[in-house]
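Each reported figure results from applying straightforward, stated rules to the coordinates on display, with no laboratory input. Only a predicted model underlies this, so the values are computations on that prediction, with no experimental measurement involved. Here the Cβ is made from the backbone with ideal geometry for all residues, glycine too, and neighbour counts use every protein chain on show.
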Amino acid sequence: MKFEDGSFFRFPNTRRSFSNLREILPVRVVPRGGAITELPRTENPDIDALRFIPMNAADPMTWAQSLEANYTDGILVLHKGRVRVS
């Protein structure tokens, strides 16, 4: 996996690339610009009841199935300044 040939940005290499970016590109730590602020939360525990049909697919899937199918390690959904899903 190399930066020069673009293979670092091709799936499934992207997962490893983003977790180990310091091995691929020069990076610099940037300090935060201010105090940490807690965001208000209004989470919906029934999010997995949501079913949808992905593009170029015939079968519906749940929220959880979509995260697993895309190798998603974490997600945060904000709506009108409130945490809806984390």
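Under a 5 Å amide H cut-off, with hydrogens placed 1.01 Å from N, V85 pairs with V77 among residues at least 5 apart or on other chains.
Among the chymotrypsin sites (Phe, Trp or Tyr not before Pro) in region 16-86, those placed in a DSSP loop whose Cβ has at most 13 other Cβ atoms within 10 Å are Y71.
In region 38-86 the Cα-Cα distances spread across 10 Å bins starting at 0 as 23, 47, 26, 4, 0 percent of all pairs. For the chain, the relative contact order works out to 23 percent when only alpha carbon pairs closer than 8 Å and six or more residues apart are counted. If you wrap the chain in the convex hull of its Cα atoms and look at it from every side, the mean projected area works out to 8.5 nm². Once divided by 2.2 N^0.38 Å, the Cα radius of gyration of region 15-61 becomes 2.02.
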